[in-house]
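Report on the following structure.
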Amino acid sequence: MFIQRRDASRPHLLPIDQPGSSRPVLTLHDYGRLETSTFERHDTTSRMQTRIQAKLTDARVVPGSQIPETVVTLGSIVRYRVDGDRIERRMLQFDREPAPNGQYVCVFTPVGLALLGQSQGDTVETTTFDGRPLRIVIGSVEFQPESDTRRRDSIYRDDSPPDGGGPEAA
């Protein structure tokens, strides 16, 4: 499996499982939404714009169909711990959209942006807007939309009749 690395020169294809690599992995969809948000939602003086730009510059980009199921993407339900505090279980969301359980973390917060593109078991360090350091340990990714889509697609393919099950099959 290969990923696309974006940098100042041009995209490169690299193996996804590079040992010792701590670069975030983003889906093309998540990358595009974040990139667009830097122009639509955040002005050049925004504290989040510089953080988002850094995430986009550092990220490895892959199609959603190829992202490992242990990577946090938008819409993922993730368990994590901040500074050794209690374990949090939240859905990572693009904005303050309604979450099924009412518990979410927005990607436009320091914690939300730090989670995006990281894998379960990773430890990520970031800072609050006032400069206080945060250490986030990602315990597990309980749900990932891309992984769920692959699972549902495989079930559909496995259950499909040999003739395709279209109107002619009736």
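What does the extension gain come out to for residue 155 and residue 33, with contour length at 0.36 nm per residue minus their alpha carbon separation? It would help to have the intermediate numbers written out before the result.
Details: separation 122, 0.36 × 122 = 43.92 nm, distance 2.88 nm.
My answer for the length gained is 41.0 nm.
Hand me the trypsin sites (Lys or Arg not before Pro) from region 63-136 located in a DSSP loop with no more than 14 other Cβ atoms within 10 Å, in residue order please. Don't skip to the end; give the middle numbers.
On the way: sites: 79, 81, 86, 89, 90, 96, 135; in loops: 86, 96.
Qualifying residues, ordered by number: 86, 96.
Readers should treat all values here as calculations from the given coordinates under stated rules, not as data from a laboratory. Since the model is a prediction, treat every value here as computed from it, not as a measurement. A quick note on method: Cβ atoms are made from the backbone with ideal geometry, for glycine too, and the neighbour counts reach across all protein chains shown.
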